[in-house]
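Contents: one structure, followed by commentary.
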Amino acid sequence: MPDGVAPVEAARAGAAAAGRPRHVAIIMDGNGRWASARRLPRAAGHRAGVKAVRRTIEAAITSGVEWLTLYAFSSENWGRPAEEVADLTALLKHYLRHETAELHREGVRLRIIGDRDRFGPDITAEAARAERLTGANTRLNLVVALSYGARAEILAAARRLAAEAAAGGVDPASLGEAEFAARLTTADMPDPDLLIRTSGERRLSNFLLWQSAYAELLFVDTLWPDFGTAEFEAALAEFGRRERRFGGRPG
Ligand code: IPE
Ligand code: IPE
Ligand code: MG
C-alpha cells in the first residue's frame, strides 16, 4: 500500500463499530499527586494505581473492548529518583509474578511493549513467562507499555527499514505506511480508537505517536488511583458522542 491511504480506510471500516472503541489506550497519570494529597509516599500512589489497573481491566472485559493498552513506565521515567524507579520495578515484578495467573483465568492475553530488558533479568523472565502463559487467550488483549517511548520505537523501525534497504531487501520507493507500521512494536495491533489521559495533564508524553494519528483524545481530571469502572464507562460514552472523520467529509 504505497500510497498510504488504505490503512486509514481500514481503520474507518474496522474500528469503533456502533460507536464503541475497539482499542482503548490509557496514559495512567497522577499516582504521585494522589499520594501527596494524602501525605503518603509516592510509592503508595503507585500501589493504589495497581488497583486501578485491576478495575480497568475488569471494566474493559465487561464492556467488550478488544484491546487495552496501558502506559505504565515511559523511557523518560528512568530519569526519576533511583528510589522511585526501584519502587516501580519492585511493584512491576510483584504484579507479573502474582497476577499473571488471574489474568490467565480471566482470558486475558498479556503483551509487553517497550524496552523491558532495562528493568533487569527478573522482569525479562517474568514478562516472557506471562506472555507465554497467556498467549492463546482471546477475551482481552492487554498491552502494557514499559520503558516505552514512541520516538525510540519509530526510530528503531526506521533503522530496520534502512538496514533492509541497504541490504537490498526492500525498495524504498515501494514502502508505504503499512510496511512502516509492520516494523513497529505494535505491528499486528489495531490503532487506538480512544486515548485517555488521567490527572488533568493534556499531553502525550511520547506515547503511541504514530498509532494515535486518528485516536480520539480524552483528558480527564481524575487521578489514576481514583479511576475505575464508572470513569471507564463514562469515557466510552464520551467516545460514542464523538464524530470520527479520518479527514473525510462530515457524516
Ligand atoms: C503515573 O503517575 C505513573 C508513572 C509515570 C510511573 P506519576 O508518578 O507520574 O504521578 P504524578 O504525575 O507525579 O502525580
Ligand atoms: C507519562 O506520565 C508516563 C506514564 C504515565 C507512564 P509522566 O508523568 O511521566 O509524564 P510527564 O512527565 O508529566 O509528561
Ligand atoms: Mg505524572
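The values are calculated or read from the model by the stated rules, or taken from the named source; none is laboratory data. Computed from a predicted structure; not experimentally measured. Here Cβ is always computed from backbone atoms with ideal geometry, including for glycine, and neighbour counts include all displayed protein chains. Accessible surface is based on the protein model in full, side chains and every heavy atom, while ligands, DNA and RNA are left aside. Shrake-Rupley method; radii C 1.70, N 1.55, O 1.52, S 1.80 Å.
Total residues in the stretch 20-44 satisfying the condition of being more than 10 Å from ligand 3 (Cβ to nearest atom) and open to solvent by less than 10 Å² (accessible area, probe 1.4 Å): the figure is 6.
Between ALA136, ALA165, ALA152, the distinction of being away from ligand 2 (no atom under 16 Å from the Cβ) and part of a helix (DSSP H, G or I) belongs to ALA165 only.
Of everything in the stretch 39-60 that is away from ligand 1 (no atom under 12 Å from the Cβ) and charged (D, E, K, R), the residue that is farthest from ALA82 (Cα to Cα) is GLU58.
The set of residues in the stretch 180-231 that are in a loop (DSSP other than H, G, I, E, B) and of a type in the set (Asp, Glu) comprises ASP188, ASP191, ASP193, GLU201, ASP221. For the residues SER63, SER74, the requirement of being closer than 23 Å to PRO190 by Cβ, within 11 Å of ligand 1 (Cβ to nearest atom) and polar (S, T, N, Q) singles out SER74. If the condition is being in contact with a Ser or Thr (Cβ under 9 Å, 6 or more places away or on another chain), away from ligand 2 (no atom under 14 Å from the Cβ) and open to solvent by 40 Å² or more (accessible area, probe 1.4 Å), then the stretch 194-240 contributes TRP210, ASP221, ASP226, THR229, GLU231, GLU233.
Is it the case, given these coordinates, that PRO81 is out of contact with any Ser or Thr (no Cβ under 6 Å at 6 or more places or on another chain) and within 14 Å of ligand 3 (Cβ to nearest atom)? For PRO81, the condition - out of contact with any Ser or Thr (no Cβ under 6 Å at 6 or more places or on another chain) and within 14 Å of ligand 3 (Cβ to nearest atom) - is met. One residue stands out in the stretch 122-138 among those that are over 17 Å from ILE61 (Cβ atoms) and of a type in the set (Val, Ile, Thr): the one that is surrounded by the fewest Cβ atoms within 10 Å (Cβ to Cβ), namely THR124. Only residues that are surrounded by fewer than 21 Cβ atoms within 10 Å (Cβ to Cβ), polar (S, T, N, Q) and over 18 Å from LEU209 (Cα atoms): list them for the stretch 45-76, please. Within the stretch 45-76, THR62, SER63 qualify.
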